[in-house]
2 protein chains.
Amino acid sequence: MRAGPSQEEVRRHNLGTLLRYVHVHGATSRAELTSRLGLNRSTIGALTADLTTAGLVTEAAPRETGRAGRPSLVVRPESSKVYAYALSIEVDRLRAARVGLGGRILDRRETDRPRGMQVLDAVQPLAEFVHEMRADVPGDARYVGTGVAVAGMVRRADGMVRLAPTIGWVEEPVGAALRAELGDVGKLTLGNHADVSALVEHSRGAAAGCDNVIYLYGDVGVGAGIIADGRRVAGHGGYGGEVGHMVVNPYGRECSCGSRGCWETEIGEYALLKHAGRAELSGREAVLGVVEAAMRGDSQAQFAVRQVGEWIGFGVGNLVNIFNPEAVIFGGTLRDVYLVAAAQIRSRLTAIALPACREHIRLRTPELGGDAALIGAAELAFEHLLEDPLLN
Amino acid sequence: MRAGPSQEEVRRHNLGTLLRYVHVHGATSRAELTSRLGLNRSTIGALTADLTTAGLVTEAAPRETGRAGRPSLVVRPESSKVYAYALSIEVDRLRAARVGLGGRILDRRETDRPRGMQVLDAVQPLAEFVHEMRADVPGDARYVGTGVAVAGMVRRADGMVRLAPTIGWVEEPVGAALRAELGDVGKLTLGNHADVSALVEHSRGAAAGCDNVIYLYGDVGVGAGIIADGRRVAGHGGYGGEVGHMVVNPYGRECSCGSRGCWETEIGEYALLKHAGRAELSGREAVLGVVEAAMRGDSQAQFAVRQVGEWIGFGVGNLVNIFNPEAVIFGGTLRDVYLVAAAQIRSRLTAIALPACREHIRLRTPELGGDAALIGAAELAFEHLLEDPLLN
């Protein structure tokens, strides 16, 4: 329990609130900020002036509105001048981007990640991407930090990757390795890939306006970023959301985590390919191959999609009973499976989820696709700035 | 996104914070309030004076401290003067209490609830209990409202019980029925039994100081109140926490909800009694009979307890992967089963839950037992007062 804030704390809070608003919503008129933030016009003017001086926003007259009277100035985040680096370590690829305030991707790089690649081999190309992108940064631009999304369980305090079974890493000091390779990088924050993607789809994507959201991400494994009452369900150590290791089939297959019948053994890439008679293949292209074959009428591919769809609906039904969400978003290759198996998924979900828990639910595909992980990684860096815009 | 508060809002927030602190923690010295709330001594003095004038707290010199210097005044909630009625509708019983500010039970009543009892027959004895207790209320006492805990899914807005399969009610207007029977009752708020119990064990019971908590309650059915980062996981309509209907056994028995293999079909009262060869029995006493027989060495009872223990550990393991909690509390008859099956539960939990998700977990029994539901129901009524102590 904390008592209320002082006047100076209120001002700094308001600066962060205003900056966060334009960071998430983009260009916004002063009039709209006045109404959205519940502050009067002069306060909005003073806050905007402070943020302009700090180089975080710009103000300009809007384009012709066609309405009479003096138009309200429009406040924009300084997307081209204030930026973070975003890195993403995924099962099949390594990605890097330079992301401007407002979540705009200014530059990007990508390379394949062969399965089995170790930490030191993965951080080298990422660091190289950053060095390449740095060469093109304008001289007056301001760097705020680097965020990293990892397809695994991450200890935020020090960037230790505790467990990333699909990548094959256990207790790997990825944060320290990146810091060593990147050199003077300032604030470096790691987060879970599904968690950061969820926050971005929640703030500016398919679940904008929804306070209770389950974002599922699937490829080889399955993870989730879960938003309850507008906030991430992180858990005690930050490891919440490991829905891929919810056991759904006590008589199922062994999982890479050592348990048996985990949800990802029934809905991950391997299950789909095996049902489709393509167990020797792997990767996103192979999954898309099955989905396309199912759409073309290939009966074994359709069988595979139905089987996996049943189990997707099964697990989502469980999560709906636990969380009573408004929106469930299917990301990664689960998006593609969802598009052809929506009927099975809905049917099984309806059988398992209690009517009150599912009554307003919307099933969705991501709006930002793979960019959510990059924008979300950058959010880890921007968060420090948004907490207190004048601190740095 | 909301901008920061005005000075008057800050004052009202501080009044609520101080009152909430003594409500939860009991008698607290001004010196400790100053340090806990991060406010200076004169502010604490002014807030305490306002709350004293409003009749919500008292101040007195502490008992002899044995230390030199003037002792800090001790602030106490007015437990005997400010009160709520708490009602609890459970599978086997109906309970009512008068609860003082600070969560002190001042008076209580209880009667059996025969299974199958309908809403109108249940609200009559509850209303009678309230009328009886009202006769003993001191003339200067202040009533703040009535809270009701129901072993079912409740729509808080109007007190509609959407689904209470173990009680046998579907879409029953329990709030309206109680209001009709109680007459002029003022604020009447209904909540789910496990949710309100969880909040009390979280604020002043077995999970005090833990921010990520799963409180399980079992009898015929199984429900949970889940706390993530200090706040209840309510979900979009308030129906979250229905973990009893997480399907754990796709090849299991039909559940009262219409699905198959729900967790409560494997760990609820009926499963235990059936495994113990006592399927013709029911109720808390019958469950305790099996637990006691297992402790005495009865092999069939031990088998039953082991079977149910395995499935308890299974489901808890799933929830640990999803929530990464610090504490799991076993309430209702699950408490008794836990006490004899802790080894099975821990072993299965360890097999299913990922190491990072379970590394700091503590398994606990409730500190407040059945009183948690009554104190929690009263909290529903006190919440209005704590939000803004001077409003009424």
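The values are calculated or read from the model by the stated rules, or taken from the named source; none is laboratory data. No experiment lies behind these values; they were computed from the predicted model shown. Reconstructed Cβ throughout: ideal geometry from the backbone, glycine too, with neighbour counts over all protein chains shown.
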Next item on the list: Please state which one of A:SER29, A:SER42 is assigned by TED's automatic domain parsing to the domain that holds A:LEU73 and in contact with a Ser or Thr (Cβ under 6 Å, 6 or more places away or on another chain).
Entry: A:SER29
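Residues are listed down the side, and each one gets a yes or a no for (1) within 28 Å of B:SER259 (Cβ to Cβ); (2) in contact (Cβ under 8 Å) with a residue 60 or more places away in the chain; (3) of a type in the set (Val, Ile, Thr):
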residue: A:GLY317; (1), (2), (3): yes, no, no
residue: A:LEU334; (1), (2), (3): yes, yes, no
residue: A:ARG358; (1), (2), (3): yes, no, no
residue: A:LEU363; (1), (2), (3): yes, no, no
residue: A:GLY369; (1), (2), (3): no, no, no
residue: A:GLY376; (1), (2), (3): no, yes, no
Margin query: Every residue in the range B:185-226 that is more than 21 Å from A:GLY240 (Cβ to Cβ), part of a strand (DSSP E or B) and either of a type in the set (D, E, K, R) or within 10 Å of the chain's Cα centre (by Cα) (or both), please.
Written below: B:GLY191, B:ASN192, B:TYR217
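Which of the residues belonging to the range B:366-380 are aliphatic (A, V, I, L, M) and surrounded by fewer than 24 Cβ atoms within 10 Å (Cβ to Cβ)? Before you say what the answer is, go through the steps one by one.
Filtering the range B:366-380 down to residues aliphatic (A, V, I, L, M) leaves B:368, B:372-375, B:377-378, B:380.
The answer is B:LEU368, and nothing else.
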Notebook entry, point to check: Restricting the search to the range B:207-219, which residues are away from chain A (no Cβ under 11 Å) and crowded, with 24+ Cβ neighbours inside 10 Å?
Noted result: B:ALA207, B:TYR215, B:LEU216, B:TYR217, B:GLY218
Margin query: Condition first: away from chain B (no Cβ under 14 Å) and more than 24 Å from the chain's Cα centre (by Cα). Can you find one or more residues in the range A:25-34 that meet it?
Written below: yes
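Among the residues of the range A:332-378, how many are part of a helix (DSSP H, G or I) and either touching a helix residue (DSSP H, G or I) at 6+ places or on another chain (Cβ under 6 Å) or aliphatic (A, V, I, L, M) (or both)? Walk me through how you get there before you give the answer.
Narrowing the range A:332-378 to residues part of a helix (DSSP H, G or I): A:333-352, A:355-358, A:371-378.
Narrowing the set further to residues that are either touching a helix residue (DSSP H, G or I) at 6+ places or on another chain (Cβ under 6 Å) or aliphatic (A, V, I, L, M) (or both) leaves A:333-334, A:336-337, A:339-345, A:348-349, A:351-352, A:356-358, A:372-378.
Total satisfying the criteria: 25.
Quick check on B:MET160: is it without any contact (Cβ under 8 Å) to a residue 24 or more places away in the chain, within 14 Å of another protein chain (Cβ to nearest Cβ) and surrounded by 15 or more Cβ atoms within 10 Å (Cβ to Cβ)? Walk me through it before giving the result.
Working: without any contact (Cβ under 8 Å) to a residue 24 or more places away in the chain: yes; within 14 Å of another protein chain (Cβ to nearest Cβ): yes; surrounded by 15 or more Cβ atoms within 10 Å (Cβ to Cβ): yes.
Yes; evaluated as a whole, the condition is true for this residue.
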Notebook entry, point to check: Among the residues of the range B:133-147, is any out of contact with any Gly (no Cβ under 7 Å at 6 or more places or on another chain), under 20 Å from B:LYS187 (Cα atoms) and assigned to a helix (DSSP H, G or I)?
Noted result: yes
Item checked: Enumeration of residues in the range A:112-127 that are outside any loop (DSSP other than H, G, I, E, B) and in contact with a helix residue (DSSP H, G or I) (Cβ under 9 Å, 6 or more places away or on another chain) -> A:VAL119, A:LEU120, A:ALA122, A:VAL123, A:GLN124, A:LEU126, A:ALA127
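Could you tell me whether any residue of the range B:26-37 is within 24 Å of B:HIS131 (Cα to Cα) and of a type in the set (Ser, Thr, Tyr)? So that I can check it myself, show each step before the final result.
Quick first cut of the range B:26-37, residues within 24 Å of B:HIS131 (Cα to Cα) only: none.
No: the range B:26-37 contains no residue that is within 24 Å of B:HIS131 (Cα to Cα) and of a type in the set (Ser, Thr, Tyr).
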Check: Any idea which residue in the range B:337-356 is surrounded by the fewest Cβ atoms within 10 Å (Cβ to Cβ), counting only those that are in contact (Cβ under 8 Å) with a residue 12 or more places away in the chain and within 9 Å of chain A (Cβ to nearest Cβ)?
Finding: B:ALA351
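For the range A:79-117, give me each residue that is of a type in the set (Val, Ile, Thr) and in contact (Cβ under 8 Å) with a residue 24 or more places away in the chain. First the steps, then the outcome.
Taking the range A:79-117 first, the residues of a type in the set (Val, Ile, Thr) are A:82, A:89, A:91, A:99, A:105, A:111.
Hits for the range A:79-117 are A:VAL82, A:ILE89, A:VAL91, A:VAL99, A:ILE105.
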Check: For B:GLY103, all conditions in the list (1) surrounded by fewer than 20 Cβ atoms within 10 Å (Cβ to Cβ); (2) in the same structural domain as B:THR166 (by TED's automatic domain parsing) hold save one; what is the number of the exception?
Finding: (1)
Next item on the list: Being within 20 Å of the chain's Cα centre (by Cα) and either farther than 20 Å from A:VAL220 by Cα or at pLDDT 95 or above (or both) is the filter here, so list the residues in the range A:163-184 that pass it.
Entry: A:VAL174, A:GLY175
